[in-house]
1. For the stretch 149-199, rounded, prolate or oblate, judged on the Cα gyration tensor with a ≥ b ≥ c (square roots of eigenvalues), a/c < 1.5 rounded, else prolate if a/b > b/c?
2. Using a 1.4 Å probe and counting only protein heavy atoms, arrange 135, 36 so the residue with the most accessible area comes first.
3. Over the chain, with every protein chain in place, what whole percent of the accessible area is carbon and sulfur at 1.4 Å, could you tell me?
4. Let me know the shape class of the chain, please: from the alpha-carbon gyration tensor, a ≥ b ≥ c as square roots of the eigenvalues, rounded when a/c is under 1.5, otherwise prolate if a/b is greater than b/c, or oblate.
5. For the stretch 114-147 and the stretch 164-199, what is the separation of their Cα centres, given in Å?
6. Along the Cα→Cβ direction, 7 angstrom out, place labels at residue 139 and residue 168. What is the inter-label distance in nm?
7. Using 0.36 nm times the number of residues separating residue 197 and residue 128, minus their current alpha carbon distance, what extension gain do you get?
8. Simple spin-label model, 7 Å along Cα-to-Cβ: residue 40 to residue 9 in nm?
Amino acid sequence: MSTATRLTQHPIDPLFTRRWSPRAFTGEAISHSDLMQCLEAARWAPSASNSQPWRFIYALRDTAAWDPIFGTLVEFNRDWAHRAGALIVVLSRTHWVAPGYVEHRPLPSHSFDAGAAWANLALQTTQAGWHAHAMAGFDRDLLRTRLGVPADYAIEAVVAIGRIGDKSLLPEALAQREIPSQRLPLEELVAEGKFAFGA
Ligand SMILES: Cc1cc2nc3c(=O)[nH]c(=O)nc-3n(C[C@H](O)[C@H](O)[C@H](O)COP(=O)(O)O)c2cc1C
């Protein structure tokens, strides 16, 4: 599926529009080293006080780590993510011992920072010839229990990584939706000086 229909209002690196979230994955396995390359990009995201609150738990397909994560996805996501090559659970640390302190203090930007890491990961994944698709549709409590995630870590998303395939790999209803999405115009997203946005 071409992303050529994604027209930008200003010139940007084509990587930004080549990144999208397909569901038609081929089932191709991704190697450990290719996956680590994607995560390396995530590692270099900026964060408040360089706190680096992101953490990643991965599972490669056809390994013992796969089912405990895959099984927490809602049915809608299981219907396509079963052909991913890897699943990555994105966590963020909600508290840390900041430089100069001895006690744990809240990290108010933990989700913002983890979002930056996910964006880096998705762009590097695209650059390397794979695609990443984030999901919020999963059972957080079950995932937390299964993976032993402590209470001071937020579960942000599960990301499927795979090799893009033809939309005929998908059930009919999903195949119809397999089109790169568009964006709101910049004028609706940006204001100078004060809040000036519609409902
Ligand atoms: C935090 C987050 C949660 C998402 N959850 C799901 C999901 O559960 N299932 C799904 O199919 N897509 C999910 N998506 C994909 C979005 O629908 C997609 O990113 C959005 O429509 C923009 O399209 P694009 O990524 O192709 O540019 C999620 C994306 C994000 C960033």
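1. Numbers: a/c = 3.30, a/b = 1.30, b/c = 2.53.
Judged from the Cα gyration tensor, the stretch 149-199 comes out oblate (a/c at least 1.5, b/c at or above a/b).
2. Values: 135 5, 36 65 Å².
So, going from the largest accessible area down, we get 36, 135.
3. Numbers: 6270 of 11130 Å².
Roughly 56 percent of what the probe reaches on the chain is carbon or sulfur.
4. Details: a/c = 1.73, a/b = 1.10, b/c = 1.58.
Note, shape of the chain comes out oblate.
5. Their Cα centres are 18 Å away from one another.
6. Once both label points are built, they end up 3.6 nm from each other.
7. Difference between extended and current length: 21.1 nm.
8. Label at residue 40, label at residue 9, 3.6 nm between them.
The values are calculated or read from the model by the stated rules, or taken from the named source; none is laboratory data. These numbers were taken from a predicted model, which means no experiment stands behind them. Here Cβ is always computed from backbone atoms with ideal geometry, including for glycine, and neighbour counts include all displayed protein chains. Side chains are part of the model used for accessible areas, which takes the heavy atoms of the whole protein and leaves out ligands, DNA and RNA. Shrake-Rupley method; radii C 1.70, N 1.55, O 1.52, S 1.80 Å.
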